[in-house]
Each structure stands twice: as structure tokens, then as C-alpha cells.
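Peer 1: Sharing a structure, written as C-alpha cells. Questions coming.
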Amino acid sequence: MLQKYTILMKFALFVIILSLTACSGGATEPSDDSDHSPPVKEEVPAPTPGNETDNHPEEPHLTRPEVESFELLTGEGNQTLEAKLHQGQGFSLYVFDNFAFDADEGRLYLNSNPKYEVKIEPLSANYDLEQLRAEGRKELEALGKVSDFSGELVEHPLGSAEIYLQASGADGISDYIVWKSETGDGFLFRLHNPKGEEASDFAGPVLVSLSTVLSDS
């Protein structure tokens, strides 16, 4: 049976922020680490938790549906969109029709513009959180000033993140996220959302897809 998740994407805020960023003509620095405002351009509510039986695709009694439906608020109003289950290297997730998924690279991207992308990396059970945080800061500092939104993510599909670092620059917004699935498995998401008209097509659906990532074991 298909499950429905209600996702309310705040397009008004998104358009305002995107317009201000585009008009600046250069790199835009987000707030510093002491600013506790939510991550830029990614305020969408968390989906309703799924059934406990949708956990491990490799276990016959815990299979996930091949197709799942999601309700999203789009520029054309509320729409029910279907997403198909895709298998990666050691994990699975649901992918919407206007996205493509490269299983070998763990890369989810927008069909119309592959520069809008997120790379998904499963983490070992004993990953070092502080080491990952340091590596994330080093990666993002080359792109702009880094803001830290780690912890609870209000009205966000991921719900919470052990690490949520974000940098904004001339090329757009980049996120470095360490997140645990509902089964307790850790994943690293490196997300890049360039400036452009496709940003609204990417930001909301991709976060919903990431919230459905589950390890195979």
C-alpha cells in the first residue's frame, strides 16, 4: 500500500532568498555560527514517519514498495508525485521522475541540469563525528563562509542532523550533512544547489528523497 507524506515547501521564502542572492552579483555570506536561523533555502517540513516494515529491502519480510507516493506543495499547488525505489551501493532510496540516480557514484541529480546534485556516502558504524566535522569545514571553507545548523532541523524532511554545515558563494549553496536513518545507519550527504531557475525544482524533492535513504542491512 502506498504511503503519503505531506511536504509543505515554503516557496515564498525560497524565491525571496534566491532573488536577494542573485542581485548581490557575488558571493553571499550566510550568518555566522552563532546564528541559529534555519539552513538557507531548505525549509520544508519532515515527512510523516513510514511504517516499521519499510526498513530493509534485502530482507524478504521487510521489503519496500517499488513505487511510493508523496504529496508536495509545488508552484502549481498541492500535487501527488510518485517516486520509484532505486538501489545504490548498500542502500536504497526513492527518486522522483525529474531526477536521475547513478548507483555506482551514489549521485542523485536533476535531469534538466546535472549541476544540481547530491552525493550519498554510507558511513561505517564507528565513524568519527568530529573528524567528519573538521573535514566538512575544510571542504566548505573553499566555497564561502561556513554556518553550522547541526542538531534539530525544524520543518525539514531530515528532521535532525548530527552535522549540518552550509556555505554560500557565487556558485550557489553547498551543504555537508551527516545524518542517521530511522534504523540508525549513518550517511554523508554532499549537496550542491547552484543559483538558477531550476533551484526550486531541486531543493524540495531532493530533501524528501534523502529522508527515505535506508541501509540494506
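Peer 1: Give me a count of the residues in segment 161-171 that are open to solvent by less than 20 Å² (accessible area, probe 1.4 Å) and in contact (Cβ under 8 Å) with a residue 40 or more places away in the chain.
Peer 2: Count: 5.
Peer 1: Turning to a different aspect of this structure: Taking into account only those residues within segment 117-135 that are open to solvent by less than 40 Å² (accessible area, probe 1.4 Å) and under 18 Å from A83 (Cα atoms), which is farthest from the chain's Cα centre (by Cα)?
Peer 2: Selected residue: I120.
Peer 1: How many of the residues in segment 173-185 are without any contact (Cβ under 8 Å) to a residue 40 or more places away in the chain and either surrounded by 22 or more Cβ atoms within 10 Å (Cβ to Cβ) or touching a helix residue (DSSP H, G or I) at 6+ places or on another chain (Cβ under 8 Å) (or both)?
Peer 2: So the count comes out to 3.
Peer 1: Could we say that L158 is modelled with pLDDT under 95, buried (at least 18 other Cβ atoms within 10 Å of the Cβ), of a type in the set (A, V, I, L, M) and closer than 26 Å to S217 by Cα here?
Peer 2: Spelling it out, L158 is indeed modelled with pLDDT under 95, buried (at least 18 other Cβ atoms within 10 Å of the Cβ), of a type in the set (A, V, I, L, M) and closer than 26 Å to S217 by Cα.
Peer 1: Taking segment 141-155 only, how many residues are in contact with a strand residue (DSSP E or B) (Cβ under 6 Å, 6 or more places away or on another chain), farther than 18 Å from E182 by Cβ and open to solvent by 80 Å² or more (accessible area, probe 1.4 Å)?
Peer 2: 1
Peer 1: Name the pairs: first residue in segment 131-155 and within 22 Å of G204 (Cα to Cα), second residue open to solvent by 30 Å² or more (accessible area, probe 1.4 Å) and of a type in the set (K, R), Cβ to Cβ under 9 Å, at least 6 apart or on different chains?
Peer 2: V146/R137; D148/R133; D148/R137; S150/R133; E155/K10
Peer 1: On to the next question. Of the conditions (1) at pLDDT below 95; (2) under 17 Å from the mean Cα position of the chain (by Cα), L93 clears all except one; give me its number.
Peer 2: That leaves (1) as the condition not met.
The values are calculated or read from the model by the stated rules, or taken from the named source; none is laboratory data. In this text the structure is predicted, and so the values were computed from the model without any measurement. Reconstructed Cβ throughout: ideal geometry from the backbone, glycine too, with neighbour counts over all protein chains shown. For accessibility, only protein heavy atoms count, side chains too; no ligands or nucleic acids. Shrake-Rupley method; radii C 1.70, N 1.55, O 1.52, S 1.80 Å.
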